[in-house]
Amino acid sequence: MNFKKTVKNTLRAGSLGLLFLPVLAMATATLVIHNNTDYPSTSIINGGICSSFLPAGIGITEPHSTNSVPGVTVHSACWANRENCSAVIYLTQDCSGASIGTVVLSTTSGVKSISATGAYSITGNGFEVTLG
């Protein structure tokens, strides 16, 4: 009898969790990065690891190309600070050298602020960022 009750409660909790999976997946839009420079771009999110460590090369935006980072990936990378997620941008494949600036975004509304620190421009609005 106890076993039956435990199974029933587990199934109920699991079903409730499954209801929220689509909400989490859709909570963050796809981040589109346009890299109009001659160098690959990467970033360090909230002081963590370099985006180049993301699977399938999704964390590197090649020169003169556009990269679409899935919302689930953005949401996961920004888990520590979803409303002020800080991305320090580098024009290298491994986040080395001097950064060209910082983009702060909210996982619900997109770009909040941008500060470019070098000869390259960084612009953005919503979930779209352009490096140039």
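Readers should treat all values here as calculations from the given coordinates under stated rules, not as data from a laboratory. Note that the structure is a prediction, hence the values are computed from the model and not measured. A quick note on method: Cβ atoms are made from the backbone with ideal geometry, for glycine too, and the neighbour counts reach across all protein chains shown.
Run down Glu62, Glu83 and say which single residue is over 11 Å from the mean Cα position of the chain (by Cα), surrounded by fewer than 18 Cβ atoms within 10 Å (Cβ to Cβ), acidic (Asp, Glu) and closer than 17 Å to Thr130 by Cα. Before the answer, list the steps.
Values: Glu83 fails: closer than 17 Å to Thr130 by Cα.
Exactly one of Glu62, Glu83 is over 11 Å from the mean Cα position of the chain (by Cα), surrounded by fewer than 18 Cβ atoms within 10 Å (Cβ to Cβ), acidic (Asp, Glu) and closer than 17 Å to Thr130 by Cα, namely Glu62.
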Only one of these is surrounded by fewer than 16 Cβ atoms within 10 Å (Cβ to Cβ) and on the phi > 0 side of the Ramachandran plot: Gly110, Gly97. Name it. Gly97
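Looking at Thr92, Thr123, Thr28, Thr37, which one is part of a strand (DSSP E or B) and polar (S, T, N, Q)?
Of the residues listed, the single one that is part of a strand (DSSP E or B) and polar (S, T, N, Q) is Thr123.
Please specify each residue of the stretch 113-132 satisfying the condition of being of a type in the set (A, V, I, L, M), buried (at least 18 other Cβ atoms within 10 Å of the Cβ) and in contact with a Gly (Cβ under 8 Å, 6 or more places away or on another chain). Even if it seems obvious, please write down each step before you answer.
Filtering the stretch 113-132 down to residues of a type in the set (A, V, I, L, M) leaves 114, 116, 119, 122, 129, 131.
The next check asks that each one be buried (at least 18 other Cβ atoms within 10 Å of the Cβ); those that pass are 114, 122, 129, 131.
If the condition is that a residue be of a type in the set (A, V, I, L, M), buried (at least 18 other Cβ atoms within 10 Å of the Cβ) and in contact with a Gly (Cβ under 8 Å, 6 or more places away or on another chain), then Ile114, Ile122 are the ones that fit.
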Could you give me the residue pairs with C-beta distances under 9 Å whose first residue belongs to the stretch 114-132 and is free of Cβ contacts under 8 Å to residues at least 40 places away in the same chain and more than 16 Å from Val104 (Cβ to Cβ), whose second residue is among the polar types (S, T, N, Q) and not in a strand (DSSP E or B) wherever it lies, and which are 6+ apart or on separate chains? Ser121/Asn36
Just to be sure I understand the filter: pairs with C-beta atoms under 7 Å, separated by 6 or more residues or on different chains, first member in the stretch 48-72 and under 12 Å from Thr92 (Cβ atoms), second member of a type in the set (Asp, Glu). Which pairs pass? Cys50/Asp94; Ser52/Asp94; Pro63/Asp38
